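Trainee: Encoded as C-alpha cells, here's the structure I'll be asking about.
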Amino acid sequence: KNEVEQSPQNLTAQEGEFITINCSYSVGISALHWLQQHPGGGIVSLFMLSSGKKKHGRLIATINIQEKHSSLHITASHPRDSAVYICAVSPRQGNLIFGKGTKLSVKP
Amino acid sequence: DVKVTQSSRYLVKRTGEKVFLECVQDMDHENMFWYRQDPGLGLRLIYFSYDVKMKEKGDIPEGYSVSREKKERFSLILESASTNQTSMYLCASSYGVGTGFYEQYFGPGTRLTVT
C-alpha cells in the first residue's frame, strides 16, 4: 500500500468549475506539501501546511491531521490550471514521500 | 526568488556512456536532492546531500553516484548509462537541518533518453 494516495488520478473539468483533489496518507507527518507540475516538467511548491487551511488566490489547501487527509481546492478553474498536482508529506523522520499525482485538464 | 538550474533540458546518450547531470542553486541551501520521475511511479529519490561533500542514498541509488564539492552545486553521475535510466531527472534544494520539513525548490528537469 502506498503511504500517500491521491484521488482522482485524472480529472477533466470545464472552465469555471470548482475542483477538489484529495490526498490521504498513512504515516505521522510534520507537514504536507502541494506541488504543481506543468507540461515541460518544472515543479512549483504551492503550499506547505501542518494544520488548518491556507489560501493563495483561487487555491485553497486544507489538512485534517487526525484523519490523515488533505484537500486542494481550485475555485473558478481556468485552462491555465491544467497541470499535474502532487501531494507530498514530510514524515517525522526521513525525506519527502510523494503521491503519484493528479492530472488535471480544464477545458475552455 | 530561489533559482535552481539544471545543465540541460534534454539529453540523448548512448548505452554505456558516462553521463553528468549538474544542478546549481543560488540560495545557499544546505540540502540538495536528485529525483527521477517516471509515468505511474511518481517522484523517487535517488540521492541527497545535506552538506558539502556529504551524501546519502535515497530509495533508488543503484547505477548512480553524486558529487557535491561546492555548496551550490550537486552533480548526478550515471557511470554507465542504460536504457532503463531513460527518465525525467529533477533536482531540488531546501534549507534546514532536517531534509523533510522544509519547502523544496525544484529545477526545470532534464529529460534523459538513453538509446
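Trainee: Within the range A:5-54, track down each residue that is β-branched (Val, Ile, Thr) and at pLDDT 95 or above.
Mentor: If the condition is that a residue be β-branched (Val, Ile, Thr) and at pLDDT 95 or above, then A:12, A:19, A:20, A:21 are the ones that fit.
Trainee: Moving on. Quick one: residue A:31 ticks every box in (1) within 11 Å of another protein chain (Cβ to nearest Cβ); (2) surrounded by 15 or more Cβ atoms within 10 Å (Cβ to Cβ); (3) out of contact with any Leu (no Cβ under 8 Å at 6 or more places or on another chain) except a single one, so which number is it?
Mentor: (3)
Trainee: Condition first: within 24 Å of residue A:48 (Cα to Cα) and surrounded by fewer than 19 Cβ atoms within 10 Å (Cβ to Cβ). Can you find one or more residues in the range B:73-85 that meet it?
Mentor: No: zero hits.
Trainee: Return the pair list, or none, for Cβ contacts closer than 6 Å from residues in the range B:33-53 that are over 15 Å from residue B:93 (Cα atoms) to residues that are among the aromatic types (Phe, Trp, Tyr) and surrounded by 15 or more Cβ atoms within 10 Å (Cβ to Cβ), at least 6 apart or on different chains.
Mentor: What qualifies is B:42/A:98.
Trainee: From B:90, B:112, B:41, grab the single residue that is aliphatic (A, V, I, L, M), within 12 Å of chain A (Cβ to nearest Cβ) and open to solvent by 70 Å² or more (accessible area, probe 1.4 Å).
Mentor: Being aliphatic (A, V, I, L, M), within 12 Å of chain A (Cβ to nearest Cβ) and open to solvent by 70 Å² or more (accessible area, probe 1.4 Å) holds for just one of B:90, B:112, B:41, which is B:41.
Trainee: Given the structure, is residue B:96 more than 18 Å from residue A:86 (Cβ to Cβ) and more than 14 Å from every other protein chain (Cβ to nearest Cβ)?
Mentor: no
Trainee: Okay, moving on. So, residue B:74, is that one within 12 Å of the chain's Cα centre (by Cα), in contact (Cβ under 8 Å) with a residue 24 or more places away in the chain, more than 11 Å from every other protein chain (Cβ to nearest Cβ) and closer than 24 Å to residue A:93 by Cα or not?
Mentor: yes
Trainee: For the range A:83-108, what are the residues that are away from every other protein chain (no Cβ under 14 Å) and surrounded by fewer than 17 Cβ atoms within 10 Å (Cβ to Cβ)?
Mentor: If the condition is that a residue be away from every other protein chain (no Cβ under 14 Å) and surrounded by fewer than 17 Cβ atoms within 10 Å (Cβ to Cβ), then A:105, A:107, A:108 are the ones that fit.
Trainee: Among the candidates B:51, B:59, B:26, single out the residue that is open to solvent by 30 Å² or more (accessible area, probe 1.4 Å), charged (D, E, K, R) and at the interface with another protein chain (Cβ under 10 Å from one of its Cβ atoms).
Mentor: After ruling out the rest, the residue left standing is B:59.
Trainee: Sticking with this one: Counting only residues that are among the aliphatic types (A, V, I, L, M) and surrounded by fewer than 20 Cβ atoms within 10 Å (Cβ to Cβ), which one in the range A:48-82 is nearest to residue A:29 (Cα to Cα)?
Mentor: A:65
The values are calculated or read from the model by the stated rules, or taken from the named source; none is laboratory data. Everything numeric in this text was worked out from a predicted model, so none of it was measured. Methodologically, a virtual Cβ is constructed for each residue, glycine included, from the backbone with ideal geometry; neighbour enumeration extends over all protein chains shown. Ligands, DNA and RNA are excluded from the accessible area calculation, which covers all protein heavy atoms including side chains. Shrake-Rupley method; radii C 1.70, N 1.55, O 1.52, S 1.80 Å.
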